[in-house]
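The values are calculated or read from the model by the stated rules, or taken from the named source; none is laboratory data. Everything numeric here is computed off the predicted structure, so don't read it as measured data. Here the Cβ positions follow ideal geometry from the backbone for every residue, glycine too, while neighbour counts run over all protein chains shown. Ligands, DNA and RNA are stripped out before the accessible areas are found, and what is left, the full protein with its side chains, is counted by its heavy atoms. Shrake-Rupley method; radii C 1.70, N 1.55, O 1.52, S 1.80 Å.
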Amino acid sequence: MSSTGKSPWIVHYDGSSCNGCDIEVLAATTPLYDVERFGVVNTGNPKHADILLITGSVNEQNVPVVKQIYEQMMEPKVVIACGACACSGGIFRDCYNTLGGADVVVPVDVYAPGCAIRPETIIDAVVKGIEILEQKRKALKNKTLVEPDVSRMQSARDKVVDGQTVAEIASNSTLE
Amino acid sequence: MEAGVASWVSWVCVIAYLVLGPFVGMLISGIDRKVTARMQGRVGPPILQPWYDVKKLFSKDKSAVNNVIDLYVATALGMAVVAGALFFAGGNLLIVIFLMSLSSVFVVVSAYSARSPYSDAGAQRENLTVMAYEPIMLLLPVAMYLITGSFNVDSTIVQDLPLIVGAPLFFLAYLFVMPAKLRKSPFDLSTSHHAHQELVKGLTTDMSGHTLAIMEIMDWYEVVLIYGIVGMFLVTSAWWSWILAIVVMVVCFLLEALVDNTFARVKWKVTLATSWVVTLVFCALNMAFLYFL
Ligand code: SF4
């Protein structure tokens, strides 16, 4: 494993989670689970981070925020959807303001299930994310890094909210 | 003959610092993270973790918020390296201190150049931190001159008594502000090594990839110089004084780790007030003592 895999820095963003998954993400950094032994640092800064952990579903308010965090991260980067809500919208899926899982806005590389997600699952997901990070680093080095394929989330992106499809809302929304 | 040997030895020291300095600094920060983890009852990262981090940062995609930030950060690194080289060559301590200040000025300027609110806040706080530690840094050469009659670092090596015997309070004041210089708790208000602070990465918010890697390498060089100054208080003409110096450096290192782990970040007013009061009171007492003896 190269040094990319030995030093995955994380930024955590809470979409509209019920806070259950956030607490589990924090639990993974406590002495009991101690993710720092894998070199994981919770940076709190997208410009430093390699891995974006998203908890909770995406709604109309936080679409531009998720987009901006993703865009501020430098390649190679990986997105991990933590918990049922971030994977698909979870129990909030049919709420009037919920657009769906994190993948309606940003390409998700690892889907980590659970309601709430367990710290062990988060660690497994990060280890899986490290593998993908490695592949992306090699691709970046060989200049073959491609835009991720978002077709598998197409059904979620076609959902209509307030007369607009989710894909339209996601691409039109900006901060300010 | 003396001058010949001295210049030969100082060249060896300079080259050793330039080549081994970052390596030693990297080990120091790796051991620091390990010790911190053990103090918190964790396993902690491998000791070479800072090396992996920097290597990874260099492999990230290249991007910078503007055209000049890299230049500023690289200049800051250059200044820090020259300061350290001059110190280990036994050169003029005043110039070493000035170069160190210049290096921190360039770091502040690079953060200002990003023009983002978080970088700005970090830069302003770094200014305050510099103001907190600068008095004692400037008073160190004064103490040295009062005792050895010279500003040159190598004048301590020919003494029979270590600097700390004449300037114990200067040493304590330096130890007190060392967390500010290392950007550690309780004086880590400009940027921090841990998330979940009110301002996490102030100074370095807008540095990514190789820019951040250069900052890290500068930290490695600086940490060696900062502990080198601790050692300067201990070395004399006797060979065993070097061993004593290393022991004291290790003790100071452990003390720093303990302080970093037990204290929360303090506000800027507390940072300034405590470091100035400690510096002025300790140094005034020590200077009075030196004058009247
Ligand atoms: S997956 Fe469950 S625990 Fe996690 S945010 Fe959604 S509802 Fe809360």
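Extension gain for B:VAL281-B:ILE243 works out to 10.6 nm (0.36 nm per residue, less the C-alpha to C-alpha distance). May I ask you to list the residues of region B:57-83 whose amide nitrogen lies under 12 Å from a point 7 Å from Cα along the Cα→beta-carbon direction of A:LYS141? Hits in region B:57-83 for A:LYS141 at 12 Å: B:59-60.
The calculated pair-distance distribution of region B:173-263 uses every alpha carbon pair, bins of 10 angstrom beginning at 0, and gives 15, 41, 30, 12, 3 percent. Principal-axis analysis of the Cα atoms of chain B puts helix B:268-292 at an angle of about 10° to the longest axis.
Here each label is just a point 7 Å from Cα along the line to Cβ, and for B:PHE263 and B:TRP8 those points are 4.6 nm apart. For peptide B:56-68, the mean count of partner chain Cβ atoms within 10 Å of a residue's Cβ comes to 4. Take the Cβ atoms of B:ALA74 and B:LEU48, set R0 to 22 Å, and the FRET efficiency comes out at 0.35. Per residue of peptide A:28-35, the mean number of Cβ atoms on other chains within 10 Å of the residue Cβ is 3. Of the candidates B:SER116, B:SER59, B:SER241, which one comes out as most mobile in a Gaussian network treatment of chain B with C-alpha springs shorter than 10 Å? In this elastic network of chain B, the residue with the biggest mean-square fluctuation among B:SER116, B:SER59, B:SER241 is B:SER59.
Using label points projected 7 Å from each Cα along Cα→Cβ, tell me how many nm separate A:TYR33 and B:VAL165, to one decimal. Roughly 5.7 nm, to one decimal. Farthest towards the positive end of the charge dipole of chain A, among the residues A:ALA170, A:VAL105, A:VAL41, is the Cα of A:VAL41, using unit charges on the Cβ of Lys, Arg, Asp and Glu. Over the Cα atoms of the protein assembly as shown, the radius of gyration divided by the Kirkwood radius equals 1.05; this is the Rg/Rh ratio.
Residues of region A:38-71 that bury at least 50 Å² of accessible area once all protein chains are present, compared with their chain alone (1.4 Å probe, heavy atoms only, ligands and nucleic acids left out), are A:LYS47, A:HIS48.
Among B:GLU216, B:GLU134, B:GLU198, the largest mean-square fluctuation in a Gaussian network model of chain B, built with springs joining Cα atoms closer than 10 Å, belongs to B:GLU198. A straight chain from B:ASN92 to B:ASP61 at 0.36 nm per residue would run longer than the Cα-Cα distance by 7.1 nm.
For chain B, the longest principal axis of the C-alpha atoms and the axis of helix B:93-113 are separated by about 10°. Interface B-A: total buried accessible area of about 2300 Å², 1.4 Å probe, protein heavy atoms only. Electrostatic tally near A:TYR33: other residues with Cβ closer than 13 Å to its Cβ, Lys and Arg +1, Asp and Glu -1, net -2. Under the criterion of Cα pairs below 8 Å and six or more residues apart, the relative contact order for chain A equals 23 percent. In this calculation the C-beta distance from A:LYS128 to A:SER171 is compared with R0 = 41 Å, giving a FRET efficiency of 0.90. In the elastic network of chain B, a GNM with C-alpha springs shorter than 10 Å, the most mobile of B:TYR52, B:TYR174, B:TYR17 is B:TYR52. Whenever you get a sec, compute what percent of the accessible area on region A:22-121 sits on carbon and sulfur atoms (1.4 Å probe). It is 57 percent, rounded to a whole number. Rounded to the nearest 10 degrees, the inclination of helix B:210-232 to the longest alpha-carbon principal axis of chain B is 20 degrees.
Can you tell me how chain A classifies by the Cα gyration tensor, rounded, prolate or oblate, using a/c under 1.5 as the rounded cut? Oblate, because a/c is 1.5 or more while a/b does not exceed b/c. Mean partner shielding of peptide B:230-240, defined as the number of other chain Cβ atoms within 10 Å of each residue Cβ, is 0. Restricting region B:184-242 to chymotrypsin sites (Phe, Trp or Tyr not before Pro) that sit in a DSSP loop and have at most 10 other Cβ atoms within 10 Å of their own Cβ leaves B:TRP239.
For the protein assembly as shown, the solvent-accessible area of protein heavy atoms averages 45 Å² per residue (probe radius 1.4 Å; ligands and nucleic acids excluded). Within chain B, what whole-number % of the accessible surface is contributed by carbon and sulfur, with the 1.4 Å probe and all protein chains included in the calculation? So the carbon and sulfur contribution to the accessible surface is 74 percent. With one equal scatterer per alpha carbon and no solvent term, the Debye-computed log10 I(q)/I(0) for region B:2-292 at 0.11, 0.13 1/Å reads -0.65, -0.92.
Beyond 30 Å in Cα-Cα separation lie the following of the pairs A:LYS128/B:LYS267; A:LYS141/B:LYS34; A:LYS128/B:LYS181; B:LYS34/B:LYS267; B:LYS34/B:LYS60: A:LYS128/B:LYS267; A:LYS141/B:LYS34; A:LYS128/B:LYS181.
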